[in-house]
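As structure tokens, the structure follows; a few thoughts come after it.
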Amino acid sequence: MAIARELQWEPSPAARALAGAPVQTIGMVLTRPAEVLGTEAFFGAFVAGLQEVLSRRDYSLQMQTVETSDAEIETFRRWFAQRRVDGVVVVDLREHDPRIPALEEIGLPALVVGGPGHHGSLPSVYVDDAHATELLVDHLAQLGHRRLARVAGNEDFLHTLLRDRAFEQRCADLGIEGILQDAGYGSRGAEIATAELMARSAPPSAIIFDSAEMVLAGAHVLQESGSRIPVDVAVASYEDSALTRTHRPPITAIGRSAIEYGRVAASRLLEVIEESRSGGGTAPAQGSEARATVPALMVRESTGPDGARGAAAAETQGAPPAEKSASSK
């Protein structure tokens, strides 16, 4: 041991893996375009949260980008066969996601970020997007808005679909008009969608965007066209960031910490890996538990109080303070 220390020798992870030892590596495969990943603040913060927890446990994060779900599944199979990772984080869940049954078959410890109800026998952590939608729609309706629009991200993702359904249902429940406008993720799509909405013969008096980047792009289009926020049109976002908080006016958003979300995901996956080892490495030891994060609404100037006065055919029902949290209905 003294000679090993003198030579600064370190054990080989590859050799240890052949002997069945943990390789201290977590994997994540992404099918998003690089230009989207490079500009999405939420994802970067989520990865930072993952890395923080993994680093404390001396784990590394291995990331790879591919073009299709089939390529992602093949990557999982290769990693499992080569003992390259101890477990994987699955992101961008879809409604009928082929990765879920594939991972169940492979037996590689996995944590699904997303849900509920579409993660099979794999454990899951997710944000309650239906509740977040209700918070946003209820807030705008209480301000007197009767025509709302939702600028939606990638329609393939489950959380987008859940938001769409909850938006339509909540608008119907409240007897107000709800307009769905697909944009895909990215600022350019949000710019085009915002311009199309405001060109309608009856434009919305409030617009909800799917991400921080999208709401900033939409707000830029509105301001360039001469529309005043929130006097002429209110805006809100499903995601918060430093940029939404420092924008003028500051933007109402669902307040959730992407860094904390990453921490929770990493901690749960490490639990799953330990459970898998104690259960002999079998997939059923992972369980099917889904842990939800309940969102809160951070009310800021982009939705009021001027937005209440500017909403078409609206009755002012009281102005909220510059920022407050409303985590329950």
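Observations on the structure shown:
- Principal semi-axes in Å for the stretch 54-148 [√(5λ), Cα gyration tensor, largest first]: 35, 16, 12
- The stretch 192-242 - Rg and Dmax from Cα coordinates, angstrom: 10.3, 34
- Most to least packed among 112-125, 61-74, 289-302 [average Cβ atoms within 10 Å]: 112-125, 289-302, 61-74
- Rg of the Cα atoms in the stretch 213-258, relative to 2.2 N^0.38 Å, amounts to 1.09.
- When Rg and Dmax are taken over the Cα atoms of the stretch 149-190, they come to 10.7, 32 Å.
- The C-alpha atoms of the chain define a longest principal axis, and helix 158-174 lies at about 30 degrees to it.
- Relative frequency of Cα-Cα separations exceeding 17 Å in the stretch 70-112, percent: 19
- Take the Cβ atoms of Thr68 and Glu105, set R0 to 22 Å, and the FRET efficiency comes out at 0.75.
- The angle separating the long axis of helix 212-224 from the principal Cα axis of greatest extent in the chain is about 30 degrees.
- Note on the chain: helix-only mean residue ellipticity at 222 nm, from DSSP H runs of 4+ residues weighted -39500 (n - 2.57) and normalised by residue number, equals -13000 deg cm²/dmol.
- Gaussian network model of the chain, Cα within-10 Å springs - most flexible of Ser225, Ser241, Ser12: Ser12
- The chain - Rg over Rh from alpha carbon coordinates, Kirkwood radius: 1.06
Here, each number is a calculation from the coordinates, and none is a lab measurement. Small disclaimer: the values here were computed from a predicted structure and weren't measured. Cβ atoms come from the backbone with ideal geometry, glycine included; neighbour counts cover every protein chain shown.
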